[in-house]
1. Since Arg216 meets every condition but one in (1) basic (Lys, Arg); (2) in contact with a helix residue (DSSP H, G or I) (Cβ under 8 Å, 6 or more places away or on another chain); (3) not in a helix (DSSP H, G or I), which condition does it not meet?
2. Could you tell me which residue of the range 306-330 is surrounded by the fewest Cβ atoms within 10 Å (Cβ to Cβ), considering only residues that are under 19 Å from the mean Cα position of the chain (by Cα) and hydrophobic (A, V, I, L, M, F, W, C)?
3. Report the residue count in the range 249-274 for those that are part of a helix (DSSP H, G or I), charged (D, E, K, R) and either surrounded by 16 or more Cβ atoms within 10 Å (Cβ to Cβ) or at pLDDT below 95 (or both).
4. Quickly run through the range 313-368 and pick out the residues that are of a type in the set (Ser, Thr, Tyr) and touching a strand residue (DSSP E or B) at 6+ places or on another chain (Cβ under 7 Å).
5. Given Gly333, Gly357, which one is more than 16 Å from the chain's Cα centre (by Cα), without any contact (Cβ under 8 Å) to a residue 24 or more places away in the chain and either surrounded by 14 or more Cβ atoms within 10 Å (Cβ to Cβ) or in a loop (DSSP other than H, G, I, E, B) (or both)?
6. If you scan the range 275-303, which residues turn out to be surrounded by fewer than 17 Cβ atoms within 10 Å (Cβ to Cβ), among the basic types (Lys, Arg) and within 28 Å of Gly25 (Cβ to Cβ)?
7. Within the range 123-144, work out how many residues are crowded, with 18+ Cβ neighbours inside 10 Å, touching a Pro at 6+ places or on another chain (Cβ under 8 Å) and either polar (S, T, N, Q) or touching a residue at least 40 places away in the same chain (Cβ under 8 Å) (or both).
Amino acid sequence: MTQATERSAVEQSDSEKSKIWAHSGDSHAMESEDLWTSRLPKRLADRAPRTERGEKYEIVYVDGRQLNRQLNDFADAMRPPGFKDLTIRLQDLDQEGVWAQLAFPSTGFWTVNIHDAELSRACARAWNEWSNEEVTGVQDRIFTPAIVPLVEVADAVAELEWAAENGYQSIFLPCTMPADQEWGLEIWEPLWAAAAAHNIVLAYHIGTGGENVVYRGPGGAVVNYMETTYPGMRVVTHLVASGALDRYPDLKVLIAEGGAGWVPAVGDRMDEAYRQHGMFVRPRLSRLPSEIVRKQVYASFQHDISAVQIIEDTGYNNVMWGDDYPHLEGTYGHTQQTLHQIFDSVDPRIQERVLRGTFEELFTVPPMSEDKRASIKQS
């Protein structure tokens, strides 16, 4: 062995010893292009979500309507090698130090913009069957939430029950809903009851549902990124203040990709409203809002240092990391650098909680291989 080869082997060994292994509470599955057309009759497939690329915009067609999104060729150019190939994706995960992923939809996000009940049912089931067959059915480290149709509450309950029977551990829900379907309203009570009965996590992803706020003034890119986060805060306030989580104390809510530093602050703010405006508060809760938040609300982040700091400073423990694979905002290509920057000086107990423990509290995860467990002990 030459000196250079020996040095390379030592460096590789040191790198493996120091690798930080994590689960991701926010990743994305990339659907096959023929998902809808291969599984739905033509009269429905023609109205199912699809996208086309124009000169300036990506055009989204769904349920007879058209939505325009600014093209992002740079983001497309940054796709990881395995963004559509699960075999390569698992190699990407091993390279990056990610063991398990909760993989939200991609094109499937647009199903929440469907207004026709029959189409909504058909698209949800087609997506779930695709995921069951082509994602969770061929490996066990990447798993998706189920999509539920949201036009009729009874349909959402029926699909949740089907999903539970087929091994799903969570359902995807959008952060923004029409005014007559907001998450704090009583119409959703059957869905909360079903989720609690089947131990299904309510997995909300920011930037879903209503059209994004678009600000074109100074700092617009930062402002618009922030605007995707605020609806996640509204989900928490509606579910807590309405009493939904109080009535189902074992029901768990995940707000994905919106950071976590804000969560205990929202709980404190709601406590203040509950105390100072108590004469107007309906319904009355059996616990303070902050107690409900701390027990039942979970949040994932990618880069936020404050998301880790709040655990020691406020005692809010329901924090998990996410790689946002394969999106531009994610950590692919620099996951280990990011994790070391955030966690090298963090108490090992907190590191374990954020990177693996919180995730494993919500989801059943396949056991990590011996070599990877060994690297955790060494790091």
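The values are calculated or read from the model by the stated rules, or taken from the named source; none is laboratory data. Just so we're clear, the structure is a prediction, and the values are computed from it rather than from any experiment. Counting neighbours? That spans all protein chains shown, and the Cβs are built from the backbone with ideal geometry, glycine included.
1. The failed condition is (2).
2. So, considering only residues that are under 19 Å from the mean Cα position of the chain (by Cα) and hydrophobic (A, V, I, L, M, F, W, C), the one surrounded by the fewest Cβ atoms within 10 Å (Cβ to Cβ) is Leu328.
3. Restricting attention to the range 249-274, the residues satisfying the condition of being part of a helix (DSSP H, G or I) are 263-274.
With charged (D, E, K, R) added as a condition, the list becomes 268-269, 271-272.
Subsequent filtering for residues that are either surrounded by 16 or more Cβ atoms within 10 Å (Cβ to Cβ) or at pLDDT below 95 (or both) retains none.
The total comes to 0.
4. First, pick out the residues of the range 313-368 that are of a type in the set (Ser, Thr, Tyr): 314, 316, 325, 331-332, 335, 338, 345, 358, 364.
Selection gives Tyr325, Thr335, Thr358.
5. Just a single option satisfies the conditions, and that option is Gly357.
6. If the condition is that a residue be surrounded by fewer than 17 Cβ atoms within 10 Å (Cβ to Cβ), among the basic types (Lys, Arg) and within 28 Å of Gly25 (Cβ to Cβ), then Arg287, Lys295 are the ones that fit.
7. Adding up the residues that qualify gives 4.
A quick yes/no check of all residues on (1) of a type in the set (Asp, Glu); (2) touching a strand residue (DSSP E or B) at 6+ places or on another chain (Cβ under 7 Å); (3) farther than 21 Å from Asp323 by Cβ:
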position: Met270; (1), (2), (3): no, no, yes
position: Gln276; (1), (2), (3): no, no, yes
position: Met279; (1), (2), (3): no, no, yes
position: Tyr298; (1), (2), (3): no, yes, no
position: Ser306; (1), (2), (3): no, no, no
position: Gln309; (1), (2), (3): no, no, no
